[in-house]
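Written below as C-alpha coordinates is the structure these notes are about.
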Amino acid sequence: MSLRRKLAIIAVVYVIEGFPMGVYQDLFFVFFRREGVSLSVIGTLYGLKLAWSAKVLWSPLVDRFGERRQWIAGCLVVMAACLLLLINTDAGRLGPEVWLLLALFCLASATQDVAIDAYTIGLVERGEEGPANGMRVTAYRVGLIAAGGGLLYLTQWIGWSGVFGAAALISLAMAGAVFACPRVSVPIESRRETIRPMRRWLGREGALTVFGFVLLYRIGDLAMGPMVKTFWVDRGFADAQIAFVSGTLGVVATVLGAIAGAVIVSRSGIRRSLWVLGGLALASNLGYAGAALAPESARAPVYAASLLESFCAGLASAAFLSFLMRICEKEHAAVQYALLTAIYALPGSFVAVASGWLTEQVGYAAYFTATAAIALPAFAFLPRASAWIDSEPEPASPA
(Lines give C-alpha, C1' and ligand atoms only; values in the text may rest on other atoms or scores of the structure.)
Protein backbone atom coordinates (compact mmCIF):
# COMPACT_ATOMS: atom_id res chain seq x y z
CA MET A 1 0.00 0.00 0.00
CA SER A 2 1.39 3.43 -0.94
CA LEU A 3 2.19 6.03 1.71
CA ARG A 4 -0.30 8.41 0.11
CA ARG A 5 -3.15 5.94 0.58
CA LYS A 6 -2.06 5.24 4.14
CA LEU A 7 -2.15 8.96 4.91
CA ALA A 8 -5.67 9.20 3.48
CA ILE A 9 -6.82 6.36 5.73
CA ILE A 10 -5.11 7.93 8.75
CA ALA A 11 -6.91 11.19 7.95
CA VAL A 12 -10.30 9.45 8.11
CA VAL A 13 -9.78 7.60 11.38
CA TYR A 14 -8.21 10.55 13.20
CA VAL A 15 -11.00 12.93 12.23
CA ILE A 16 -13.21 10.30 13.86
CA GLU A 17 -10.97 10.18 16.94
CA GLY A 18 -10.80 13.95 17.32
CA PHE A 19 -14.54 14.60 17.09
CA PRO A 20 -15.59 13.13 20.50
CA MET A 21 -12.73 14.90 22.25
CA GLY A 22 -13.91 18.19 20.75
CA VAL A 23 -17.40 17.51 22.10
CA TYR A 24 -15.98 16.69 25.53
CA GLN A 25 -13.44 19.45 26.10
CA ASP A 26 -15.00 22.26 24.06
CA LEU A 27 -18.77 21.85 23.89
CA PHE A 28 -19.30 20.41 27.35
CA PHE A 29 -17.11 22.89 29.22
CA VAL A 30 -18.43 25.98 27.48
CA PHE A 31 -21.98 24.71 28.02
CA PHE A 32 -21.55 24.06 31.74
CA ARG A 33 -19.83 27.40 32.29
CA ARG A 34 -22.70 29.14 30.48
CA GLU A 35 -25.05 27.32 32.85
CA GLY A 36 -23.24 28.87 35.83
CA VAL A 37 -21.24 25.84 36.96
CA SER A 38 -18.27 26.94 39.08
CA LEU A 39 -14.64 26.59 38.01
CA SER A 40 -13.94 24.10 40.81
CA VAL A 41 -16.79 21.84 39.68
CA ILE A 42 -15.68 22.13 36.04
CA GLY A 43 -12.18 21.12 37.10
CA THR A 44 -13.67 18.10 38.87
CA LEU A 45 -15.65 17.25 35.74
CA TYR A 46 -12.37 17.24 33.83
CA GLY A 47 -11.34 14.36 36.09
CA LEU A 48 -13.45 12.12 33.86
CA LYS A 49 -10.44 12.25 31.55
CA LEU A 50 -9.05 9.52 33.79
CA ALA A 51 -10.88 7.21 31.38
CA TRP A 52 -8.03 7.82 28.93
CA SER A 53 -5.56 6.59 31.55
CA ALA A 54 -7.68 3.66 32.70
CA LYS A 55 -8.19 2.43 29.12
CA VAL A 56 -5.07 0.29 29.42
CA LEU A 57 -7.07 -1.97 31.77
CA TRP A 58 -9.45 -3.07 29.03
CA SER A 59 -7.15 -2.57 26.03
CA PRO A 60 -6.31 -6.33 25.97
CA LEU A 61 -9.94 -6.92 24.99
CA VAL A 62 -9.40 -4.79 21.88
CA ASP A 63 -6.25 -6.79 21.10
CA ARG A 64 -7.91 -10.14 21.73
CA PHE A 65 -11.49 -9.89 20.45
CA GLY A 66 -13.26 -8.53 17.43
CA GLU A 67 -11.96 -6.46 14.56
CA ARG A 68 -10.66 -2.98 15.25
CA ARG A 69 -13.08 -1.23 12.90
CA GLN A 70 -15.95 -2.91 14.79
CA TRP A 71 -14.68 -1.50 18.07
CA ILE A 72 -14.47 2.00 16.58
CA ALA A 73 -18.01 1.86 15.15
CA GLY A 74 -19.50 0.39 18.33
CA CYS A 75 -17.99 3.12 20.49
CA LEU A 76 -19.37 5.82 18.18
CA VAL A 77 -22.87 4.37 18.54
CA VAL A 78 -22.56 4.44 22.35
CA MET A 79 -21.41 8.07 22.29
CA ALA A 80 -24.31 9.03 20.02
CA ALA A 81 -26.75 7.46 22.47
CA CYS A 82 -25.19 9.39 25.38
CA LEU A 83 -25.56 12.70 23.53
CA LEU A 84 -29.21 12.04 22.67
CA LEU A 85 -30.02 11.11 26.27
CA LEU A 86 -28.20 14.20 27.54
CA ILE A 87 -30.73 16.38 25.72
CA ASN A 88 -33.51 15.14 27.99
CA THR A 89 -31.67 15.75 31.28
CA ASP A 90 -31.22 18.83 33.44
CA ALA A 91 -27.61 19.07 32.34
CA GLY A 92 -26.95 22.41 34.01
CA ARG A 93 -27.71 20.84 37.40
CA LEU A 94 -25.05 18.15 36.93
CA GLY A 95 -27.16 15.48 38.60
CA PRO A 96 -26.13 11.81 38.89
CA GLU A 97 -27.68 10.92 35.54
CA VAL A 98 -25.60 13.63 33.80
CA TRP A 99 -22.40 12.38 35.45
CA LEU A 100 -23.25 8.83 34.34
CA LEU A 101 -23.81 9.84 30.71
CA LEU A 102 -20.63 11.91 30.63
CA ALA A 103 -18.63 9.06 32.17
CA LEU A 104 -20.01 6.56 29.64
CA PHE A 105 -19.24 8.99 26.81
CA CYS A 106 -15.62 9.27 28.00
CA LEU A 107 -15.23 5.50 28.39
CA ALA A 108 -16.47 4.92 24.85
CA SER A 109 -14.22 7.66 23.45
CA ALA A 110 -11.17 6.25 25.26
CA THR A 111 -11.90 2.74 23.99
CA GLN A 112 -12.28 4.06 20.46
CA ASP A 113 -8.84 5.67 20.80
CA VAL A 114 -7.30 2.29 21.70
CA ALA A 115 -8.71 0.72 18.55
CA ILE A 116 -7.75 3.63 16.25
CA ASP A 117 -4.19 3.91 17.58
CA ALA A 118 -3.63 0.16 17.25
CA TYR A 119 -5.13 0.18 13.74
CA THR A 120 -2.76 2.98 12.69
CA ILE A 121 0.38 1.43 14.16
CA GLY A 122 -0.43 -1.74 12.23
CA LEU A 123 -0.71 0.33 9.06
CA VAL A 124 2.49 2.41 9.31
CA GLU A 125 6.00 1.09 8.58
CA ARG A 126 9.22 2.15 10.29
CA GLY A 127 10.46 5.43 8.83
CA GLU A 128 6.93 6.61 7.97
CA GLU A 129 6.25 7.98 11.46
CA GLY A 130 6.95 11.62 10.59
CA PRO A 131 4.40 12.01 7.79
CA ALA A 132 1.95 9.67 9.53
CA ASN A 133 1.99 11.65 12.76
CA GLY A 134 1.77 14.95 10.95
CA MET A 135 -1.41 13.63 9.35
CA ARG A 136 -2.64 12.21 12.67
CA VAL A 137 -2.37 15.55 14.44
CA THR A 138 -3.85 17.39 11.45
CA ALA A 139 -6.85 15.09 11.06
CA TYR A 140 -7.41 14.91 14.81
CA ARG A 141 -7.59 18.69 14.93
CA VAL A 142 -10.01 18.74 12.01
CA GLY A 143 -12.26 16.55 14.16
CA LEU A 144 -11.84 19.04 16.98
CA ILE A 145 -12.81 21.88 14.64
CA ALA A 146 -15.97 20.07 13.63
CA ALA A 147 -17.06 19.77 17.25
CA GLY A 148 -15.37 22.59 19.16
CA GLY A 149 -15.59 25.15 16.36
CA GLY A 150 -18.38 24.22 13.99
CA LEU A 151 -20.95 22.91 16.45
CA LEU A 152 -20.18 25.59 19.05
CA TYR A 153 -20.78 28.22 16.38
CA LEU A 154 -24.24 26.74 15.69
CA THR A 155 -25.50 27.27 19.26
CA GLN A 156 -26.69 30.76 18.36
CA TRP A 157 -29.13 29.30 15.81
CA ILE A 158 -30.18 25.84 16.97
CA GLY A 159 -29.46 26.00 20.71
CA TRP A 160 -27.61 23.49 22.84
CA SER A 161 -30.17 20.69 22.39
CA GLY A 162 -29.87 21.02 18.63
CA VAL A 163 -26.08 20.97 18.84
CA PHE A 164 -26.01 17.80 20.96
CA GLY A 165 -28.48 16.17 18.55
CA ALA A 166 -26.31 17.12 15.58
CA ALA A 167 -23.23 15.70 17.33
CA ALA A 168 -25.09 12.42 17.83
CA LEU A 169 -26.05 12.20 14.14
CA ILE A 170 -22.48 12.94 13.05
CA SER A 171 -21.22 10.18 15.35
CA LEU A 172 -23.60 7.68 13.75
CA ALA A 173 -22.49 8.74 10.27
CA MET A 174 -18.85 8.23 11.28
CA ALA A 175 -19.71 4.75 12.58
CA GLY A 176 -20.79 3.81 9.07
CA ALA A 177 -17.89 5.57 7.36
CA VAL A 178 -15.21 3.67 9.27
CA PHE A 179 -15.94 0.51 7.30
CA ALA A 180 -14.76 2.26 4.14
CA CYS A 181 -11.24 1.86 5.56
CA PRO A 182 -9.42 -1.42 4.80
CA ARG A 183 -9.04 -4.07 7.40
CA VAL A 184 -5.64 -4.31 9.12
CA SER A 185 -5.09 -7.94 10.06
CA VAL A 186 -3.21 -9.12 13.14
CA PRO A 187 -1.94 -12.74 13.31
CA ILE A 188 -4.23 -14.88 15.47
CA GLU A 189 -1.25 -16.17 17.46
CA SER A 190 -0.33 -12.62 18.46
CA ARG A 191 -3.91 -11.81 19.42
CA ARG A 192 -4.13 -14.81 21.72
CA GLU A 193 -0.90 -13.95 23.52
CA THR A 194 -0.84 -10.63 25.35
CA ILE A 195 0.64 -10.98 28.83
CA ARG A 196 3.99 -12.55 27.96
CA PRO A 197 4.96 -10.03 25.22
CA MET A 198 3.79 -7.20 27.46
CA ARG A 199 5.96 -8.44 30.35
CA ARG A 200 8.97 -8.72 28.02
CA TRP A 201 8.35 -5.23 26.61
CA LEU A 202 8.06 -3.75 30.11
CA GLY A 203 11.28 -5.48 31.09
CA ARG A 204 13.41 -3.79 28.44
CA GLU A 205 16.36 -1.79 29.72
CA GLY A 206 15.43 1.79 30.58
CA ALA A 207 11.68 1.17 30.73
CA LEU A 208 11.18 3.22 33.90
CA THR A 209 13.03 6.15 32.36
CA VAL A 210 10.86 5.97 29.24
CA PHE A 211 7.68 5.91 31.32
CA GLY A 212 8.88 8.84 33.43
CA PHE A 213 9.51 10.84 30.28
CA VAL A 214 6.08 9.96 28.83
CA LEU A 215 4.44 10.87 32.15
CA LEU A 216 5.82 14.41 32.20
CA TYR A 217 6.55 15.51 28.64
CA ARG A 218 3.12 16.98 27.80
CA ILE A 219 1.79 17.64 31.30
CA GLY A 220 2.04 21.41 30.83
CA ASP A 221 -0.42 21.32 27.94
CA LEU A 222 -2.75 18.95 29.77
CA ALA A 223 -2.73 21.09 32.90
CA MET A 224 -3.58 24.27 31.02
CA GLY A 225 -6.35 22.76 28.90
CA PRO A 226 -9.24 22.78 31.41
CA MET A 227 -8.92 26.50 32.11
CA VAL A 228 -8.45 27.82 28.56
CA LYS A 229 -12.11 27.84 27.53
CA THR A 230 -13.27 29.15 30.92
CA PHE A 231 -10.68 31.93 30.58
CA TRP A 232 -12.26 32.96 27.28
CA VAL A 233 -15.75 32.87 28.81
CA ASP A 234 -14.66 34.92 31.85
CA ARG A 235 -13.01 37.49 29.55
CA GLY A 236 -16.41 38.13 27.97
CA PHE A 237 -15.97 36.39 24.61
CA ALA A 238 -19.13 35.19 22.88
CA ASP A 239 -19.57 31.56 21.80
CA ALA A 240 -19.04 32.53 18.15
CA GLN A 241 -15.74 34.26 19.00
CA ILE A 242 -14.53 31.26 21.01
CA ALA A 243 -15.55 28.92 18.19
CA PHE A 244 -13.81 30.96 15.48
CA VAL A 245 -10.55 31.95 17.18
CA SER A 246 -9.86 29.31 19.84
CA GLY A 247 -11.70 26.56 18.03
CA THR A 248 -11.28 27.05 14.28
CA LEU A 249 -8.22 29.30 13.87
CA GLY A 250 -6.54 27.57 16.81
CA VAL A 251 -6.98 24.19 15.17
CA VAL A 252 -5.67 25.55 11.86
CA ALA A 253 -2.59 26.78 13.75
CA THR A 254 -2.16 23.33 15.29
CA VAL A 255 -2.45 21.71 11.88
CA LEU A 256 0.24 24.02 10.49
CA GLY A 257 2.38 23.21 13.53
CA ALA A 258 1.86 19.48 13.00
CA ILE A 259 2.85 19.75 9.33
CA ALA A 260 5.95 21.71 10.25
CA GLY A 261 6.67 19.23 13.04
CA ALA A 262 6.39 16.29 10.64
CA VAL A 263 8.93 17.90 8.32
CA ILE A 264 11.29 18.59 11.24
CA VAL A 265 10.98 15.02 12.53
CA SER A 266 11.69 13.60 9.07
CA ARG A 267 14.76 15.81 8.59
CA SER A 268 16.18 16.08 12.11
CA GLY A 269 15.06 12.80 13.66
CA ILE A 270 12.78 12.06 16.57
CA ARG A 271 15.39 12.59 19.31
CA ARG A 272 16.42 16.13 18.38
CA SER A 273 12.81 17.10 17.63
CA LEU A 274 11.70 16.09 21.12
CA TRP A 275 14.18 18.54 22.64
CA VAL A 276 13.49 21.54 20.43
CA LEU A 277 9.77 21.24 19.80
CA GLY A 278 8.95 20.26 23.37
CA GLY A 279 10.76 23.32 24.68
CA LEU A 280 8.85 25.60 22.32
CA ALA A 281 5.54 24.11 23.44
CA LEU A 282 6.27 24.79 27.11
CA ALA A 283 7.37 28.36 26.41
CA SER A 284 4.16 29.02 24.50
CA ASN A 285 2.12 28.53 27.69
CA LEU A 286 3.57 31.81 28.89
CA GLY A 287 1.64 33.53 26.12
CA TYR A 288 -1.60 32.79 27.93
CA ALA A 289 -0.07 34.02 31.18
CA GLY A 290 0.74 37.30 29.45
CA ALA A 291 -2.78 37.52 28.03
CA ALA A 292 -4.21 37.06 31.52
CA LEU A 293 -2.12 40.00 32.76
CA ALA A 294 -3.34 42.25 29.94
CA PRO A 295 -6.35 44.56 30.49
CA GLU A 296 -9.66 42.69 30.35
CA SER A 297 -10.79 44.78 27.40
CA ALA A 298 -7.77 43.75 25.32
CA ARG A 299 -8.59 41.12 22.70
CA ALA A 300 -5.37 40.93 20.66
CA PRO A 301 -3.19 39.34 23.41
CA VAL A 302 -5.73 36.54 23.88
CA TYR A 303 -5.92 35.89 20.14
CA ALA A 304 -2.11 35.85 19.84
CA ALA A 305 -1.69 33.56 22.85
CA SER A 306 -4.24 31.10 21.46
CA LEU A 307 -2.63 30.86 18.04
CA LEU A 308 0.92 30.62 19.43
CA GLU A 309 0.00 27.88 21.90
CA SER A 310 -1.91 25.94 19.24
CA PHE A 311 0.94 26.11 16.72
CA CYS A 312 3.54 24.96 19.25
CA ALA A 313 1.26 22.17 20.48
CA GLY A 314 1.15 20.84 16.91
CA LEU A 315 4.94 20.94 16.68
CA ALA A 316 5.45 19.02 19.92
CA SER A 317 2.68 16.50 19.22
CA ALA A 318 4.26 15.43 15.92
CA ALA A 319 7.54 14.60 17.68
CA PHE A 320 5.94 12.99 20.74
CA LEU A 321 3.56 10.76 18.81
CA SER A 322 6.40 9.64 16.54
CA PHE A 323 8.32 8.59 19.64
CA LEU A 324 5.38 6.61 21.03
CA MET A 325 4.70 4.90 17.71
CA ARG A 326 8.36 3.97 17.18
CA ILE A 327 8.74 2.14 20.48
CA CYS A 328 5.60 -0.05 20.15
CA GLU A 329 5.42 -3.54 18.64
CA LYS A 330 2.87 -3.73 15.83
CA GLU A 331 1.41 -7.05 16.98
CA HIS A 332 0.56 -5.73 20.45
CA ALA A 333 0.05 -2.06 19.72
CA ALA A 334 -3.43 -1.91 21.27
CA VAL A 335 -2.07 -2.71 24.73
CA GLN A 336 1.37 -1.08 24.50
CA TYR A 337 0.24 2.19 22.95
CA ALA A 338 -2.73 2.29 25.34
CA LEU A 339 -0.33 1.95 28.26
CA LEU A 340 1.90 4.75 26.96
CA THR A 341 -0.99 7.13 26.33
CA ALA A 342 -2.51 6.19 29.69
CA ILE A 343 0.74 7.15 31.40
CA TYR A 344 0.82 10.36 29.37
CA ALA A 345 -2.75 11.31 30.31
CA LEU A 346 -2.62 10.33 34.00
CA PRO A 347 -0.88 13.33 35.60
CA GLY A 348 -2.86 15.77 33.50
CA SER A 349 -6.08 14.26 34.78
CA PHE A 350 -5.07 14.76 38.41
CA VAL A 351 -3.83 18.29 37.81
CA ALA A 352 -7.04 19.06 35.89
CA VAL A 353 -9.19 18.08 38.87
CA ALA A 354 -7.48 20.75 40.95
CA SER A 355 -7.07 23.26 38.11
CA GLY A 356 -10.30 25.15 38.82
CA TRP A 357 -9.60 25.44 42.55
CA LEU A 358 -5.99 26.52 41.92
CA THR A 359 -7.08 29.14 39.40
CA GLU A 360 -9.63 30.51 41.85
CA GLN A 361 -6.85 30.82 44.46
CA VAL A 362 -4.01 32.32 42.39
CA GLY A 363 -5.65 33.67 39.24
CA TYR A 364 -5.29 32.74 35.59
CA ALA A 365 -1.88 34.39 35.04
CA ALA A 366 -0.13 32.55 37.87
CA TYR A 367 -1.76 29.24 36.98
CA PHE A 368 -0.79 29.46 33.31
CA THR A 369 2.78 30.33 34.33
CA ALA A 370 2.92 27.26 36.56
CA THR A 371 1.85 25.02 33.67
CA ALA A 372 4.90 26.16 31.74
CA ALA A 373 7.21 24.98 34.53
CA ILE A 374 5.82 21.64 35.67
CA ALA A 375 6.94 19.73 32.57
CA LEU A 376 10.61 20.78 32.79
CA PRO A 377 11.64 17.59 34.70
CA ALA A 378 10.68 15.55 31.61
CA PHE A 379 13.81 16.77 29.86
CA ALA A 380 15.97 15.15 32.54
CA PHE A 381 14.57 11.77 31.43
CA LEU A 382 14.95 12.42 27.70
CA PRO A 383 18.63 11.45 27.15
CA ARG A 384 18.09 7.90 28.41
CA ALA A 385 14.51 7.54 27.18
CA SER A 386 15.57 8.37 23.63
CA ALA A 387 17.75 5.24 23.58
CA TRP A 388 14.59 3.28 22.79
CA ILE A 389 14.19 5.18 19.52
CA ASP A 390 17.08 3.34 17.87
CA SER A 391 16.73 0.12 19.85
CA GLU A 392 14.42 -2.37 18.17
CA PRO A 393 12.32 -4.50 20.55
CA GLU A 394 12.76 -8.23 20.15
CA PRO A 395 10.12 -9.63 17.81
CA ALA A 396 7.13 -11.17 19.54
CA SER A 397 7.34 -14.94 19.48
CA PRO A 398 4.15 -16.89 18.70
CA ALA A 399 2.37 -18.50 21.62
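Odds and ends about this structure:
- Computed over region 19-130, the alpha-carbon pair-distance distribution with 10 angstrom bins reads 13, 41, 28, 14, 4, 0, each value a whole percent.
- For region 271-285, 3J(HN,Hα) per residue [Karplus equation, 6.51 cos²θ - 1.76 cosθ + 1.60, θ = phi - 60°, Hz, x = Gly/Pro]: 4, 5, 5, 4, 5, 6, 6, x, x, 5, 5, 5, 4, 5, 4
- Debye intensity ratio I(q)/I(0), log10, region 256-369, q values 0.16, 0.23 Å⁻¹ (C-alpha model): -0.88, -1.21
- Rounded FRET efficiency, nearest 0.05, which uses the C-beta distance separating ALA103 from ARG126 and R0 of 35 Å: 0.40
- Shape call, region 100-146: gyration tensor on alpha carbons, a/c limit 1.5: oblate
- Degrees between helix 68-87 axis and first principal axis of the chain (Cα, 0 to 90, nearest 10): 20 degrees
- Protection proxy ranking, highest mean first, for peptides 272-283, 18-29, 308-319: 308-319, 18-29, 272-283, where packing is the per-residue count of other beta-carbon atoms within 10 Å, averaged.
- Per residue, the convex hull spanned by the alpha carbons of region 82-175 comes to 102 Å³.
- Over region 194-319, Cα pairs under 8 Å with separation of 6+ residues give a relative contact order of 35 percent.
- Taking all protein chains as shown and a probe of 1.4 angstrom, ILE145 keeps an accessible surface of around 40 Å².
- Its DSSP H runs of at least 4 residues, each contributing -39,500 (n - 2.57), put the calculated 222 nm mean residue ellipticity of the chain at -23500 deg cm²/dmol, to the nearest 500.
- Between the alpha-carbon centres of region 72-122 and region 301-317 there is a gap of 28 Å.
- Spatial extent of region 253-310: Rg and Dmax, with the Cα atoms as the point set, Å: 13.8, 43
- Calculation over all alpha carbon pairs of the chain in 20 angstrom steps from 0 returns a P(r) of 29, 61, 10, 0 percent.
- Applying D = kT/(6 pi eta Rh) to region 205-276, where Rh is the Kirkwood radius over alpha-carbon pairs, T corresponds to 4 °C and eta to 1.567 mPa s, the Stokes-Einstein value obtained is 87 µm²/s.
The values are calculated or read from the model by the stated rules, or taken from the named source; none is laboratory data. Not measured: the values here are computed from a predicted model. Counting neighbours? That spans all protein chains shown, and the Cβs are built from the backbone with ideal geometry, glycine included. Remember, those area values only see protein heavy atoms, side chains included, never the ligands or the DNA or RNA. Shrake-Rupley method; radii C 1.70, N 1.55, O 1.52, S 1.80 Å.
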